[in-house]
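Engineer: Here it is, the structure, as structure tokens.
The values are calculated or read from the model by the stated rules, or taken from the named source; none is laboratory data. Everything numeric here is computed off the predicted structure, so don't read it as measured data. Here the Cβ positions follow ideal geometry from the backbone for every residue, glycine too, while neighbour counts run over all protein chains shown.
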Amino acid sequence: MTVGESVRRFVSRIEPRPRLVDWSIFVLVSFEVASGLLSFTVGTPDGAWLFWLHAVAGLTLVALVGFKLYRVRHRVTNRHLWNRATGVSILLTVVTLSALGTGIAWVFGADADVWLWNLLSVHVFFGLLLVPLTLLHLRTHFRPPRRADFEERRAALQYAGLLVGGAVLFRAQETTNRVLDTAGVERRFTGSKPVEGSSFPVTSWVADDPDPIDTAAWSLSLGGRVNSPLELDYDELTTDAELEALLDCTSGWYTVQNWRGVRVGDLLDAAGVDDDARYVRFVSVTGYRWSLPVEEARDALLATHVGDNSLSHGHGAPLRLVAPGRRGFQWVKWVEGVEVRRRGDPAQWLVTLISGFD
Ligand SMILES: Nc1nc2c(c(=O)[nH]1)N[C@H]1C(S)=C(S)[C@@H](COP(=O)(O)O)O[C@H]1N2
Ligand SMILES: [Mo]
């Protein structure tokens, strides 16, 4: 038996039926997009399982995409079999491999600067690009799932094998990283790498880039479901509350800093919160905003200082939210409004993406 024959035999033994492979790829890609986006909201270790599933599903995808490419390879190499949809299929292949490759490389400690983006952001970009490409691909290649493909006992075993394989690979990766001490960094469960010291990146979302704020002309307003709304100048803030907190940006870095400012709970007590209040919304001069449940908001800080210094403009001067356990994008900078509300604020998801655009 030649090597090629043995490979073919091995692959045919562990390969699920083609249609099952295709549908599993679809299901796993959908899961990866959803879990990847959802992971942006996870900031505490009790949500670490989501990152774990994302990684295991990604490694399982590597095997499935491998089967698929092996099956369709002649359709790509044989030009006579090309048709109008081949371009999309090839692009989809490239983007899929890029999404998987960048994810795996990041986990192994690699990084790169592509224009303004690091490798994790590139991973997110490719991941999101999969959505329209997969839909286009399905338009020409859609074949309904058949029951028979899913009822085979062999298929269940093959899948169990693939998932266990993914999980084992993931553990192996963690161990390899520890042994090789890749890049000498300790990633958080979110994938973020540490930034040590007192200076850390200024990160703003898309177009949120206000002019420096004149503190003398600025004031903080606190209103909504409160007994007595407040309007406070900078000098009227009592800024002696301190909080060590970890800022973890979804673009893949984190930093632990000592923040100083006003405890939100103290502000709320000064204004007197209504009984039906449920959320506190923090609003930036740019319109960027985020809400926290009242109880959580009480323990958050509106910071005027970080480390030994007053905030720089880039970090949100004169006042920015410090929300322990939340991801960086929820730490609103350049805060000028605090609104106590009865409801959450679903529109904040859209607003944070587009605020700053005229
Ligand atoms: N108003 C406003 N606040 C913002 C942002 C923004 O674009 N606009 N970016 C957020 C993001 S994505 C992060 S990670 C943190 C970064 O804070 P830093 O720039 O002080 O490091 O601020 C958050 N607060
Ligand atoms: Mo961020």
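Engineer: Among all residue pairs at least 6 apart or on different chains, which show Cβ distances below 9 Å where the first residue, located in segment 338-358, is at negative phi and the second is of a type in the set (Ser, Thr, Tyr) and not in a strand (DSSP E or B)?
Structural biologist: Partner pairs satisfying both residue conditions: 348/288; 351/288; 352/288; 355/286; 355/288.
Engineer: Let me ask you something else. Could you list, in sequence order, all residues of segment 194-238 that are within 16 Å of ligand 2 (Cβ to nearest atom) and on the phi > 0 side of the Ramachandran plot?
Structural biologist: Once the filter is applied, which keeps residues that are within 16 Å of ligand 2 (Cβ to nearest atom) and on the phi > 0 side of the Ramachandran plot, segment 194-238 yields only 206.
Engineer: While we're here: Restricting to segment 122-156, what's the tally of residues that are of a type in the set (Ser, Thr, Tyr) and either crowded, with 16+ Cβ neighbours inside 10 Å or not in a helix (DSSP H, G or I) (or both)?
Structural biologist: So the count comes out to 1.
Engineer: If you don't mind, another one. State yes or no: is residue 308 farther than 22 Å from residue 348 by Cβ, among the acidic types (Asp, Glu) and modelled with pLDDT under 95?
Structural biologist: Working: farther than 22 Å from residue 348 by Cβ: yes; among the acidic types (Asp, Glu): yes; modelled with pLDDT under 95: yes.
Taking the combined requirement at face value, the residue satisfies it.
Engineer: Can I ask one more? Consider only pairs whose beta carbons are under 6 Å apart and that are at least six residues apart or on different chains; among these, list those whose first residue lies in segment 244-255 and is touching a residue at least 24 places away in the same chain (Cβ under 8 Å) and of a type in the set (Asp, Glu) and whose second residue is more than 9 Å from ligand 2 (Cβ to nearest atom) and part of a strand (DSSP E or B).
Structural biologist: Close Cβ pairs (under 6 Å, with a partner that is more than 9 Å from ligand 2 (Cβ to nearest atom) and part of a strand (DSSP E or B)) amount to 248/254.
Engineer: Any residue at all in segment 268-288 that is closer than 30 Å to residue 112 by Cβ, within 16 Å of ligand 2 (Cβ to nearest atom) and of a type in the set (Gly, Ala, Ser)?
Structural biologist: Checked segment 268-288: no residue is closer than 30 Å to residue 112 by Cβ, within 16 Å of ligand 2 (Cβ to nearest atom) and of a type in the set (Gly, Ala, Ser).
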